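For reference, the structure discussed in these notes is given below.
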Amino acid sequence: MTKFWKITNTIVLGLLILICGLGTFYKHISFGLGLGDMFGYLVLYLGTLIHLILTLISRKKGSLRHTFLTLTFLTFTILIVLNATIWRGHEYKWNGSIFYLPCPTEITIDNQEIQKEELITMCTMDYYSEFSGNWNGQFVTITKGDIKVPEELEEFIQRPITKVEIEPDIREIYDDNEIRKEFKFKKDTLRQNMNYEFAGEIRAIRNEIPVIEVRIK
């Protein structure tokens, strides 16, 4: 029985060390507390260090000591995982991503065989595209410029990108405690077979074609 609890305790310790390693050197975990995350990391590191020290000095102890260590730090590990995921604070609410994802952006994928929301890192202006194109009433055929696409979306897009769908750039305006959406332009105001200059960012992929939220330059 002592051997069982020793092995179980070692597994729990290994999980804590893995969480520390992934959260420090791979991708950051977040407790959703903003600057308060530093306190969360301090608790995680101290808890792991204490567990390591107690495990080392308890190598020759009986099953009772290892049972106590296992149950105590298994509870600690579960609380850490919960606070880093579904119990995450309001500064960075749980969004299905285990690790902290800076500038989280949901991109709608609506291809023939794939319909889903892809959560990626896409900070403002990182993938800002400027291009010219001819409007045919449904698509813009690109005549000049390039469409910048995050690497995570490449598998969903057909290359080369010769045409894109466009959506008007939308601003949300707070007016009398209500949110009012203001469109930069409306697509039905564009003249067909006329070249326009656009600038904007990808917001969706439909039938392997990028959908860009744009403004007219």
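Suppose the filter is more than 22 Å from the chain's Cα centre (by Cα), outside the structural domain of GLU165 (by TED's automatic domain parsing) and surrounded by 14 or more Cβ atoms within 10 Å (Cβ to Cβ); does LEU74 pass it?
yes
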- Quick check: is even one residue across the range 116-132 modelled with pLDDT under 90, loosely packed, with under 15 Cβ neighbours inside 10 Å and of a type in the set (Lys, Arg)? yes
- Message: Tally up the residues in the range 100-116 that are in contact (Cβ under 8 Å) with a residue 40 or more places away in the chain and assigned to a strand (DSSP E or B), please.
- Response: 4
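What number of residues within the range 57-67 are over 14 Å from ILE11 (Cα atoms) and either touching a Leu at 6+ places or on another chain (Cβ under 6 Å) or surrounded by 13 or more Cβ atoms within 10 Å (Cβ to Cβ) (or both)?
So the count comes out to 4.
Rundown of residues vs (1) in contact (Cβ under 8 Å) with a residue 24 or more places away in the chain; (2) surrounded by 14 or more Cβ atoms within 10 Å (Cβ to Cβ); (3) touching a strand residue (DSSP E or B) at 6+ places or on another chain (Cβ under 6 Å); (4) not in a helix (DSSP H, G or I), yes/no style:
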residue	(1), (2), (3), (4)
LEU13	yes, yes, no, no
LEU22	yes, yes, no, no
ILE29	yes, yes, no, yes
GLY36	yes, no, no, no
PHE39	no, no, no, no
LEU44	yes, yes, no, no
THR48	yes, yes, no, no
THR55	yes, yes, no, no
- Residue by residue through the range 117-161, note down the ones that are touching a Phe, Trp or Tyr at 6+ places or on another chain (Cβ under 8 Å) and assigned to a loop (DSSP other than H, G, I, E, B). ASP146, ILE147, LYS148, VAL149, PRO150
- Item | All positions within the range 56-115 that are out of contact with any Phe, Trp or Tyr (no Cβ under 6 Å at 6 or more places or on another chain), more than 22 Å from ASP37 (Cα to Cα) and of a type in the set (A, V, I, L, M, F, W, C) | LEU56, ILE57, LEU64, PHE68, LEU69, LEU71, ILE107, ILE114
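The values are calculated or read from the model by the stated rules, or taken from the named source; none is laboratory data. Not measured: the values here are computed from a predicted model. Cβ: placed from backbone, ideal geometry, glycine included. Neighbour counts: every protein chain shown.
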